[in-house]
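Please read the structure below before turning to the comments.
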Amino acid sequence: MATSDKPNIIYILGDDHRADFLSCAGHPVLRTPNLDQLAKDGTRFTNAFCTSPLCTPSRTCHYTGQWERKHGVNFNSDSSVAPAAWENSFPMRLKDAGYYLGWVGKNHVPVGQGGYDSGYLEKAFDYWYGNHRHTGFYPKELKNGGKIYHNAQADTQVEVFEQGVMNFLQPTKPFIENGSPPLPVRPKNQPFCLCVTFNLPHGASTNTMQMRPTDDLLYRETYRDKMADFRLPDTYMGYGEAYETPRFPKHVYNGRYIPSYDYVRTPQAMIEHMVRVCQTITAMDRMLGHLRQTLKELGLADNTIIVFSTDHGIHHGEHGIGGKSFLYEEDIRIPLIICDPRADKSCIGQTRDELVVVPDLAPTVLDLAEVPTPTSMQGSSLTPLLRRQQVTWRDEFFTEQLMDIQNYPRSESVRTHDWKYIRYFKRHEDPTQASKPYRGTLDNYITCLSSTLEDESPIYEELYHLRDDPQERFNLAGKKSHQSQLTDMRTRIQRLGREAKGDNSPPLTLAL
């Protein structure tokens with residue numbers, strides 16, 4: 001295949017975007033007409049999951065096609081993806097195959113010696129219009145990165161990023177002004193891969209919305225006339241109720257979370273947060289509509305694959321929990337839509353209910369581009385599902401939560417169509433942080449990648465029959481009638497965890 005015949009790839013990620021926050025997924029208030037149309041023109045996966053419900057490890061899973069147990073990067077790992085590992089990410093494999101690489105938006109994956117300060121990604125991508133860590137709702141006001149966006153005509157995140165996307169697609173209409181050097185011009189005879197990464201609807205952005213008079217009307221009024229139509233989750237527990245009837249024994253988790261998730265404490269604050277989430281998702285949806293229209297105008301629509309997903313979900317006060325970092329459905333379920341305009345008509349508009357996971361996406365992108373998949377990738381290409389081909393698919397998968405800070409317990413799970421087993425491990429408290437009980441220590445991360453699969457014993461177990469208990473209300477681990485199922489799931493988690501870990505060699509990471 002000639003290089004110019006290869007499909008273009010646009011890979012769009014949200015942040016903290018729950019699977020149920022799409023109108024095509026049945027949300028009662030939110031409207032996402034462009035995402036709904038993308039699903040009608042492609043494939044929507046109704047059982048898509050992340051395998052590590054945190055920004056950095058999950059995004060690393062997206063690009064490397066690996067489980068965290070293999071890539072070894074988290075907030076408490078004090079590590080960065082080594083160049084040798086990043087060279088096998090799907091963007092770099094596409095670049096080796098002749099693709100022009102573009103990046104717009106938030107990066108939350110440290111790569112190279114020094115991590116975010118290494119400058120590695122800025123050089124690896126041909127077109128870089130992004131920042132590291134959180135972006136905020138007003139990107140030009142970033143303390144350390146505002147200079148990246150300061151010449152954008154817009155002020156709000158989605159619109160700033162949209163200008164970066166349009167400049168990538170239409171370099172004849174640059175938005176860089178005031179004497180700043182122009183961004184590189186995309187070659188027209190070269191296939192491209194553009195990664196668009198939002199920091200929305202993450203609280204780092206929605207919590208900083210100010211409804212300024214200069215903000216789009218969308219961010220000041222939309223959905224506010226429908227606040228009475230928003231419904232709290234069936235299992236929602238406010239702060240007082242959660243304190244009286246805690247989800248966990250105190251030695252596992254004491255219920256405290258960092259202040260940025262305090263909106264779950266009261267119904268009023270939770271609904272206000274939902275409104276902001278819906279406003280920003282609608283803005284992302286609007287950007288997608290503009291993007292697809294531009295692709296049509298440029299004659300690129302028929303050869304550009306669009307992937308839309310996110311890093312993980314988040315709790316909205318279910319069981320009294322704030323934040324993510326748990327292996328319940330709210331945190332691990334994600335939206336996933338893949339639209340390949342080259343697909344046969346019989347494959348358009350389908351929904352698939354197979355169990356698919358984030359590590360599947362990198363090999364899928366490479367497969368669709370007919371680029372060889374490196375052996376380092378652990379996921380399975382979704383191409384047979386996209387094409388309605390008969391294929392034997394997984395009936396179980398492994399998830400993990402290995403961050404040992406912010407007070408959340410380390411945990412692992414195995415999920416099937418009908419069952420989920422979760423086990424929790426001891427935290428290592430730092431006595432110097434006694435005044436900040438929501439903080440923990442950086443434990444020996446490399447050791448914990450193996451210890452839970454060898455000699456470290458769990459301190460608590462949960463077993464849920466998802467078919468009868470989809471909201472995970474009733475823990476069956478202590479029931480005599482379910483000991484056979486519990487034993488089976490214990491065996492499965494050991495096997496799947498070891499498969500995710502691979503051999504006992506350390507991950508390809510660098511110390512920060």
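Since every read-out is calculated from the coordinates, none of them should be taken as a lab result. Because the structure is predicted, anything quoted here is derived from the model rather than measured. Cβ coordinates were reconstructed from backbone atoms using ideal geometry, including for glycine residues, and neighbour counts include every protein chain displayed.
For region 318-379 and region 1-80, what is the separation of their Cα centres, given in Å?
Region 318-379 and region 1-80 have Cα centres separated by 6 Å.
Taking the simple approach of a point 7 Å from Cα along Cα-to-Cβ for both S484 and N444, what is their distance in nm?
About 4.1 nm, to one decimal.
If you take the charge dipole of region 398-511 about its Cα centre, with +1 on Lys and Arg Cβ and -1 on Asp and Glu Cβ, which of S481, H417, A511 is farthest toward its positive end?
S481
Which peptide among 452-461, 201-210 comes first, and what is the full order, when sorted by highest mean count of other Cβ atoms within 10 Å? Each step should come with its number before you reach the end.
Details: 452-461: 14.9, 201-210: 20.6.
Going from most to least packed, we get 201-210, 452-461.
For the chain, take the longest principal axis of its alpha carbons; what is the angle in degrees between that and the long axis of helix 483-501, to the nearest 10 within 0 to 90?
40
Would region 322-367 count as rounded, prolate or oblate if I go by the C-alpha gyration tensor, calling it rounded below 1.5 in a/c and otherwise prolate when a/b exceeds b/c, oblate otherwise?
prolate
Within region 328-355, what residues put their amide N at less than 17 Å from the label point 7 Å along the Cα-to-Cβ vector of D5?
Zone members listed by number: 342-343.
Calculate the length of the line joining the C-alpha centroid of region 252-313 to that of region 381-420, in whole Å.
For region 252-313 versus region 381-420, the Cα centre distance is 22 Å.
Determine, for W67, W128, the number of other Cβ atoms within 10 Å of each Cβ, and report the residues in order from fewest to most.
Working: W67 28, W128 20.
In order of increasing Cβ crowding within 10 Å: W128, W67.
Tally the DSSP beta bridges in the chain and give the antiparallel ones as a percent, rounded to 5.
50
Sort 88-97, 103-112 for me by packing, meaning the mean count of neighbouring Cβ atoms within 10 Å per residue, highest on top.
103-112, 88-97
Once both labels are modelled 7 Å past Cα along the beta-carbon direction, what's the M211-K123 spacing in nm?
Between M211 and K123, the simple spin-label model gives 4.8 nm.
So between R342 and H251, what do we pick up on full extension, going 0.36 nm a residue minus the alpha carbon distance?
The R342-H251 span can extend by a further 27.4 nm.
Provide the net charge surrounding N207, with neighbours chosen by a C-beta distance below 13 Å and charges set as Lys +1, Arg +1, Asp -1, Glu -1.
Charge balance near N207 sits at -3.
Mind checking which lysines have their Cα closer than 17 Å to the Cα of K123? Skip sequence neighbours fewer than 8 apart in that chain.
K95, K106
Once you place label points 7 Å from the Cα toward the Cβ at A228 and R387, how far apart are they in nm?
That separation, rounded to one decimal, is 5.3 nm.
Going by a ≥ b ≥ c, the root eigenvalues of the Cα gyration tensor, does region 8-386 fall in the rounded group (a/c under 1.5), the prolate group (a/b larger than b/c) or the oblate group?
Details: a/c = 1.39, a/b = 1.28, b/c = 1.08.
Rounded, since a/c falls under 1.5.
Using Cα positions and a limit of under 29 Å, work out the lysines in reach of K345, with same-chain residues fewer than 8 apart set aside.
List returned: K6, K40, K188, K296.
Report the gain in length on full extension from A511 to K426: 0.36 nm times residue separation, minus Cα-Cα distance, nm rounded to one decimal.
Numbers: separation 85, 0.36 × 85 = 30.60 nm, distance 2.46 nm.
Gain on extension, A511 to K426, equals 28.1 nm.
Which of rounded, prolate, oblate describes region 398-511, given a ≥ b ≥ c as roots of the alpha-carbon gyration tensor eigenvalues and a/c under 1.5 marking rounded, otherwise prolate only if a/b is larger than b/c?
Oblate is the answer for region 398-511, as a/c is 1.5 or above yet b/c matches or exceeds a/b.
With a sphere of radius 11 Å drawn around the Cβ of S380, what net charge do the other residues whose Cβ falls strictly inside it have (Lys, Arg +1; Asp, Glu -1)?
Around S380, the surrounding residues sum to -2.
Given Cβ point charges of +1 (Lys, Arg) and -1 (Asp, Glu) and nothing else, what value in debye, to the nearest 20, does the dipole of region 32-132 about its Cα centre take?
240
Rounded to the nearest 500 deg cm²/dmol, what is the calculated helix-only ellipticity per residue at 222 nm for the chain, with -39500 (n - 2.57) per DSSP H run of length n ≥ 4?
Computed ellipticity for the chain at 222 nm equals -7500 deg cm²/dmol.
Under 26 Å between alpha carbons, and skipping anything fewer than 8 positions from K420 in its own chain: which lysines qualify?
The reachable lysines, counting only those whose Cα sits under 26 Å from K420, are K70, K250, K324, K479, K480, K501.
At 0.36 nm per residue, minus the direct Cα-Cα distance, what do D96 and Q293 gain on full extension? Give it in nm, one decimal, please.
On the way: separation 197, 0.36 × 197 = 70.92 nm, distance 2.91 nm.
Once the chain is fully extended between D96 and Q293, it gains 68.0 nm.
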